[in-house]
1. Given only helices, namely DSSP H runs of n ≥ 4 each adding -39500 (n - 2.57), what is the per-residue ellipticity at 222 nm of the chain, to the nearest 500 deg cm²/dmol?
2. Based on the alpha-carbon gyration tensor of region 122-248 and its eigenvalue square roots a ≥ b ≥ c, which shape applies: rounded if a/c is under 1.5, prolate if not and a/b is larger than b/c, or oblate?
3. Using DSSP, restrict attention to beta bridges with both residues in the chain and report what percent are antiparallel, rounded to the nearest 5.
4. Quick one: what are the phi-derived ³J(HN,Hα) couplings along region 222-238, Karplus 6.51/-1.76/1.60 with θ = phi - 60°, whole Hz, x for glycine and proline?
5. Using only protein heavy atoms and a 1.4 Å probe, report how much of Leu168 is accessible, in Å² to the nearest 10.
6. If I stretch the segment between Asp151 and Ala72 completely, what's the gain in nm (0.36 nm per residue apart, minus their alpha carbon distance), one decimal?
7. Residues with amide H under 5 Å of Asp9's amide H, sequence separation 5 or more or different chain, H placed in the peptide plane at 1.01 Å from N; which?
8. Under the classification rounded if a/c is under 1.5, otherwise prolate if a/b is larger than b/c and oblate if not, where does the chain fall, given a ≥ b ≥ c as square roots of the Cα gyration tensor eigenvalues?
Amino acid sequence: MRVLMPLPDRDFDVTEVAVPWRLLTDAGHQVTFATESAGTVPAADPRLLTGVLFGKLGAEDEAKEFYGQLRASAEFQATVAWADINPAAYDGLVLPGGHAPGMRQYLGSAVLRDKVARFWGLGRPVGAICHGVIVLARTRDAESGRSVLADRETTCLPKYMERAAYLLTAWKLGRYYRTYPTYVEDEVKATLDVPGKQFRRGPRAGTARGTATDDGPAFVVEDRNYVSARWPGDAYLFSRRFLAALKS
């Protein structure tokens, strides 16, 4: 099957892209990457490769290894343009996240949202993790004019995690962890019909992350063909649930 993964030119999250790509590819699926302009070779947030602060808060070693493999892959070197996406040509859509400034190119693109709206209308599997949920929150249904998430259960980056990361690093990195003035959780909840019932924050997460062999710390939400997750610590479980949606 063919899975589409749009990206900004820079600053996407290492884990939220590399882990789904690795698991999808290992399962025999073809991943196509899309950037604003065709042929752009995108780059992850460099701080996540070296450590955000004093070598900490970055991606885990396995995710960084997968990212190295991804960068060497043919599909990563041959991106298609957002404007040229044919939604019907894909069986699944994955919307990864990231919080650094370069993400605004992707999170704010009306061109990309139009393609996402068309894909959503096909009823095929859609996965979004962390800030990637913002793309769906901002995508409008052509008939109702409401967000495509209006009647769905979802999660995204919880406010307490975004606030904690910002307060921990602001003295050194300024607003690095605040992509927009509005918290991700607040923006997403504002698009839901009944936020108190539809938004699922999940158990309070510490520093423990889900891994290839342990889903204990991870959390995802599934609603029909839609799978959502909170942060890089959910990436393995998110990828496995998305794979299951593709199979079904």
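The values are calculated or read from the model by the stated rules, or taken from the named source; none is laboratory data. Since the model is a prediction, treat every value here as computed from it, not as a measurement. Every residue, glycine as well, gets a Cβ built from its backbone with ideal geometry; the counts of neighbours run over all protein chains shown. These area figures cover heavy atoms from the full protein model, side chains too; ligands, DNA and RNA do not enter into them. Shrake-Rupley method; radii C 1.70, N 1.55, O 1.52, S 1.80 Å.
1. Value at 222 nm, helices only, nearest 500: -10000 deg cm²/dmol.
2. Judged from the Cα gyration tensor, region 122-248 comes out oblate (a/c at least 1.5, b/c at or above a/b).
3. Here the antiparallel bridges make up roughly 25 percent for the chain.
4. Running phi through 6.51 cos²θ - 1.76 cosθ + 1.60 with θ = phi - 60° gives 10, 9, 6, 8, 10, 10, 10, 8, 8, 7, x, x, 9, 4, 5, 5, 4 Hz.
5. Looks like 100 Å² after rounding.
6. Length gained between Asp151 and Ala72: 24.5 nm.
7. Glu36
8. It comes out rounded by the Cα gyration axes.
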